[in-house]
Amino acid sequence: MAAVKETVQSVAELERYKHGFVTEIEQELAPKGLSAETVRYISAQKNEPEWMLQWRLEAFERWQALEQPHWARVDFPEIDYQDAYYYAAPKTKAGPKSLDEVDPELLATYEKLGIPLKEQAVLAGVEGAPRYAVDAVFDSVSVVTTFKKELAEAGVIFCSMSEAIREHPELVRQYLGSVVPVSDNFFACLNSAVFSDGSFVYVPPGVRCPMELSTYFRINAAESGQFERTLIIADKGAYVSYLEGCTAPMRDENQMHAAVVELVALEDAEIKYSTVQNWYPGDAEGKGGIYNFVTKRADCRGDRSKVSWTQVETGSAITWKYPSCVLRGEGSSGEFYSIAITNNRQQADTGTKMIHLGANTRSRIISKGISAGHSSNTYRGLVSAHPKAKGARNFTQCDSLLIGKDCGAHTTPYIEARNASAKFEHEATTTRLSEDQLFYAMQRGLSQEEAVQLLVNGFVKDVLQELPMEFAVEAQKLVAISLEGSVG
Amino acid sequence: MSLAKAIETGDLAELPSRRDEDWRWTDLRGLVRSLPPRSGTYVGNLGPGLFDALAEESVSIVNGENRTTLVLGSGGEHVVAVRYIAGPGAGAHTASPKLEVEKGRLILLETLEGADAAYLSEIDMTMKIGREGHVERIVLADDADEAISVLRWDVTLAPGASFAQTVIATGARRQRIETHVAHPGGGASVRLDGLYLLGERRHADITTVVTHAGVDGTTSQLTKGVVSGQARGVFQGRIVVEKGADQTDARMGHHALVLSDRAEVDGKPELEIYADDVSCAHGNTVGAIDEEALFYAQARGIPEPQARAMLTEAFVGEVIDRIEHEGAREAVRAWVAERLHRQMEKAGEAA
């Protein structure tokens, strides 16, 4: 009964939102508002080459011609794009050479969040414990990246996007915007103009990345937006597993996180991308919280390449996110495992797109949505097969669970089959927690809340087991915390 | 915004386009460049109808001119045939018949028949079914190749009522069959079935929206399709369960067979749920004929074309089996078998 123990323990540890503190730190802000000047300011702050600035300015120009889309099942007041800071960075001495030079306030912040930035600290842990390298992004800049040396020995490049633009311009120029074109959509275009920082990963041919890579995103500054840009390239036969986590302080205002993540998998390469999204969700009345408007897409360019997205979405006031796979290479495959939990006044419209272009491509979608409180939770997905995608196969399962009378759970799948040998299967169910099971668990001595946690953990098990181990434990606790107060 | 409105006002901007979410796969604005004149009154012999032998009464609405209100309040069982006929010539017409069934059982056998012409037609029917009313309708939508035909039905049920519908669509240049059901719960039950058989360049779109507004309602939906040639089948089904509509039991299935590499099937089975004590599910499959079943039949000595035909007939048979009225069921079965046979033959020739 380890799971029960774990669940009971996590219930005991319940706290409202333990990442909601603010770090008092001196910071540099771009002038408020958005103009070509802001774009120039950001580019200059990052010492970017001219081509990057031009790229941004072009994106900005295109963005001005675009309109914010309204098709998602989410509801929010008009955003004033001029009323925010597009760049916020902690003041530092020029480029810290080692951890010792990093502002102790920052280090304390990450310690409080439980993110290991000190390599020794990780090494000094339990023997045999898996290690993972971390890139920590604080507001608009990456503050530190660990294990760089060890990764470099294996030939893996793992650094912040800003650094990659300076150090590896040839790779950045080749791949940036090649999966998510600049004007792909409103938020991606905005991101292309003002993106701040994120991770850059390149795994050379035939290399299996020796450790898990991870990025930790933290929004700290008030009235600011975070525009993450991440690019991961797995060259022929390479393998990499990447984790991403995010938190933000509790504030009454809404803040925006508009990210673009591009993955490129060449022949026989595999990328595993896991997200535990725990942005501040707003309070019980729906005040405050992060608007998480994200474009994530993988291009399975090479034959037999594979990309697997796993996401646990518990935070954010609004989640608007569809990690997708373009299955271009012959025999390539895409997977999407998702848990989306909404409580209180949260709104989520999330799902995936599996676009089958190549022959014998396969995809699998497992989505578990849980809505509680007054929240709204939508699965929206597309599975399509091009006439050339002979033998394409998809299996989709979306299950929704409703807890309470005032929430909504919706399923909107799109299926487009354009050849005779594609085989698509889709199943969806919507139910509430089984009274019988609840009764059984409570009769065995669990409180109602504990019983709900246990059943919910069972409901999402298929997805949790796809996460790397440490993340799975963390995610399980998060599931419990997110649903706190949803019964009774 | 609708085809009917465009026909009435003559304004092409009233046509729904792919930018309207509910019409993304059935674009009319990009297709219709000019509107033909209004269809005139048709005088001539209509010929026999498919369901003549089964019906006590037959109503014909030719070129949309005849606007009918049918009220049934006496109880008992009635079988009524309704024929919507588009006469020869490329005209545009609309019709908006109304039907009220307060009490009793009505079997409505409808056919949509079109002479071989590029007509534009929209038929909007509203139907009200009272507490003791039961309606079963069968619709054979057999439009002409070049026609653009829209059918929209708005059905409102009282608690306790029952409504069952089976639509058989053979497509047209664009054929859209839209059913909206206001479901009050309270023991009312709905069955909404569909079948599309599409060859050559035909297009059919079956769209349904069922809104459960009250406690204790059931909905069962099964739509199947067979597409060959360069045809395109579309199924959009939405089940909405409003707040408080607890104990709703709604199931939706859509299954399509794609027989050619240039055919297309698009599906969007949606659930929109605002009540927690419900049991809702939908399933959707698209694929080719099961190779294993085909092999099994061949191993038993059945030649491949027959085996294919047999499996396809069995596949669509599931929808026909759910028709309750026996006479209608068998008439539909024979009609579908003949259509399917022609379609498979053509598909075989092309391959």
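The values are calculated or read from the model by the stated rules, or taken from the named source; none is laboratory data. Only a predicted model underlies this, so the values are computations on that prediction, with no experimental measurement involved. Using ideal geometry, Cβ is built from the backbone for each residue, glycine included, and neighbour counts are taken over all protein chains shown.
For the range B:1-26, the tally of residues that are part of a loop (DSSP other than H, G, I, E, B), over 23 Å from residue B:64 (Cα atoms) and not basic (Lys, Arg) stands at 3. How many residues are part of a strand (DSSP E or B), touching a residue at least 40 places away in the same chain (Cβ under 8 Å) and under 20 Å from residue A:267 (Cβ atoms) if we restrict to the range A:314-334? Qualifying residue count for the region: 2.
If I filter the range B:219-228 for residues that are closer than 17 Å to residue B:269 by Cα, of a type in the set (Val, Ile, Thr), at pLDDT 95 or above and in contact with a Leu (Cβ under 8 Å, 6 or more places away or on another chain), do I get at least one hit? Taking every residue of the range B:219-228 in turn, at least one turns out to be closer than 17 Å to residue B:269 by Cα, of a type in the set (Val, Ile, Thr), at pLDDT 95 or above and in contact with a Leu (Cβ under 8 Å, 6 or more places away or on another chain). Could you go through the range B:113-128 and let me know if any residue there is over 17 Å from residue B:145 (Cβ atoms), of a type outside the set (Val, Ile, Thr), touching a Leu at 6+ places or on another chain (Cβ under 9 Å) and surrounded by fewer than 20 Cβ atoms within 10 Å (Cβ to Cβ). Yes, the range B:113-128 contains at least one residue that is over 17 Å from residue B:145 (Cβ atoms), of a type outside the set (Val, Ile, Thr), touching a Leu at 6+ places or on another chain (Cβ under 9 Å) and surrounded by fewer than 20 Cβ atoms within 10 Å (Cβ to Cβ). Count of the range A:183-205 residues, restricted to those that are over 19 Å from the mean Cα position of the chain (by Cα) and in a loop (DSSP other than H, G, I, E, B), is 3.
From the residues in the range A:246-290 that are touching a Phe, Trp or Tyr at 6+ places or on another chain (Cβ under 7 Å) and aromatic (Phe, Trp, Tyr), which one is farthest from residue A:349 (Cα to Cα)? Here the answer is A:273. Here the range B:321-348 is the region considered, the condition is being among the hydrophobic types (A, V, I, L, M, F, W, C) and farther than 13 Å from residue B:226 by Cβ, and the residue that is surrounded by the fewest Cβ atoms within 10 Å (Cβ to Cβ) is B:334.
Among the conditions (1) among the hydroxyl-bearing types (Ser, Thr, Tyr); (2) facing chain A (nearest Cβ under 7 Å); (3) closer than 20 Å to residue B:323 by Cα, the only one that residue B:207 does not satisfy is (2).
Summed over the range B:317-329, residues that are assigned to a helix (DSSP H, G or I) and either of a type in the set (Val, Ile, Thr) or more than 18 Å from the chain's Cα centre (by Cα) (or both) total 4.
Output the helices (runs of 4 or more DSSP H) that fall wholly within the range A:17-128 and possess 1 or more residues being loosely packed, with under 15 Cβ neighbours inside 10 Å and at pLDDT below 80, or say none. Those helices (runs of 4 or more DSSP H) span A:104-113, A:119-123.
For the range A:290-309, the tally of residues that are part of a strand (DSSP E or B) and over 30 Å from residue A:252 (Cα atoms) stands at 8. Is there a residue being within 13 Å of chain A (Cβ to nearest Cβ) and not in a helix (DSSP H, G or I) anywhere in the range B:339-347? Looking through the range B:339-347, none of the residues is within 13 Å of chain A (Cβ to nearest Cβ) and not in a helix (DSSP H, G or I).
Report whether or not residue B:67 is farther than 18 Å from residue B:36 by Cβ, of a type in the set (D, E, K, R) and at pLDDT below 85. Spelling it out, residue B:67 is indeed farther than 18 Å from residue B:36 by Cβ, of a type in the set (D, E, K, R) and at pLDDT below 85.
Residue A:210 meets each of the listed conditions (1) outside any loop (DSSP other than H, G, I, E, B); (2) touching a helix residue (DSSP H, G or I) at 6+ places or on another chain (Cβ under 9 Å) apart from (1). Tell me, yes or no, whether the range A:393-412 has at least one residue that is farther than 26 Å from residue A:289 by Cβ and more than 27 Å from the chain's Cα centre (by Cα). No, because not a single residue in the range A:393-412 is farther than 26 Å from residue A:289 by Cβ and more than 27 Å from the chain's Cα centre (by Cα). Scanning the range A:395-421 for residues that are out of contact with any Pro (no Cβ under 8 Å at 6 or more places or on another chain), more than 17 Å from residue B:253 (Cα to Cα) and not small (Gly, Ala, Ser) gives A:401, A:402, A:403, A:405, A:406, A:407. Put simply, of A:423, A:390 the only residue that is closer than 23 Å to residue B:25 by Cβ, among the charged types (D, E, K, R) and more than 7 Å from every other protein chain (Cβ to nearest Cβ) is A:390. Considering every residue within the range A:359-371, establish whether at least one is within 10 Å of chain B (Cβ to nearest Cβ), buried (at least 19 other Cβ atoms within 10 Å of the Cβ) and assigned to a strand (DSSP E or B). Yes, the range A:359-371 contains a residue that is within 10 Å of chain B (Cβ to nearest Cβ), buried (at least 19 other Cβ atoms within 10 Å of the Cβ) and assigned to a strand (DSSP E or B).
Here is the figure for the range B:152-161: residues that are in a strand (DSSP E or B) and surrounded by fewer than 24 Cβ atoms within 10 Å (Cβ to Cβ) total 5. Does any residue of the range A:393-404 turn out to be over 19 Å from residue B:268 (Cα atoms), at the interface with another protein chain (Cβ under 9 Å from one of its Cβ atoms), touching an Asp or Glu at 6+ places or on another chain (Cβ under 8 Å) and crowded, with 24+ Cβ neighbours inside 10 Å? Yes. Within the range A:270-293, identify whether any single residue is farther than 19 Å from residue A:17 by Cβ, at pLDDT 95 or above and surrounded by fewer than 24 Cβ atoms within 10 Å (Cβ to Cβ), and answer yes or no. Scanning the range A:270-293, I find at least one residue that is farther than 19 Å from residue A:17 by Cβ, at pLDDT 95 or above and surrounded by fewer than 24 Cβ atoms within 10 Å (Cβ to Cβ), so the answer is yes.
Residue count for the range A:342-358 under the criterion of being closer than 21 Å to residue A:73 by Cβ, of a type outside the set (Ser, Thr, Tyr) and buried (at least 24 other Cβ atoms within 10 Å of the Cβ): the result is 6. Only residues that are more than 12 Å from the chain's Cα centre (by Cα) and β-branched (Val, Ile, Thr) were counted across the range B:158-211, and they come to 5. When the range B:245-283 is limited to residues that are β-branched (Val, Ile, Thr) and at the interface with chain A (Cβ under 7 Å from one of its Cβ atoms), the one that is surrounded by the most Cβ atoms within 10 Å (Cβ to Cβ) turns out to be B:265. Whether a residue is surrounded by fewer than 22 Cβ atoms within 10 Å (Cβ to Cβ), in contact with a Ser or Thr (Cβ under 6 Å, 6 or more places away or on another chain) and assigned to a loop (DSSP other than H, G, I, E, B) was assessed, and residue B:54 does not pass this test. Each residue in the range B:215-257 was checked for being under 30 Å from residue B:308 (Cα atoms) and within 19 Å of the chain's Cα centre (by Cα), and 23 pass.
Among the residues of the range A:142-182, the one identified as at pLDDT 90 or above, within 24 Å of the chain's Cα centre (by Cα) and on the phi > 0 side of the Ramachandran plot is A:177. Annotation note: Cβ proximity below 6 Å between a residue of the range B:29-55 that is on the phi < 0 side of the Ramachandran plot and a residue that is among the polar types (S, T, N, Q) (sequence gap 6+ or interchain) occurs for B:29/B:17; B:39/B:63; B:42/B:63; B:46/B:60; B:50/B:111.
If I filter the range A:433-454 for residues that are touching an Asp or Glu at 6+ places or on another chain (Cβ under 6 Å), facing chain B (nearest Cβ under 9 Å) and more than 25 Å from residue A:353 (Cβ to Cβ), do I get at least one hit? No: the range A:433-454 contains no residue that is touching an Asp or Glu at 6+ places or on another chain (Cβ under 6 Å), facing chain B (nearest Cβ under 9 Å) and more than 25 Å from residue A:353 (Cβ to Cβ).
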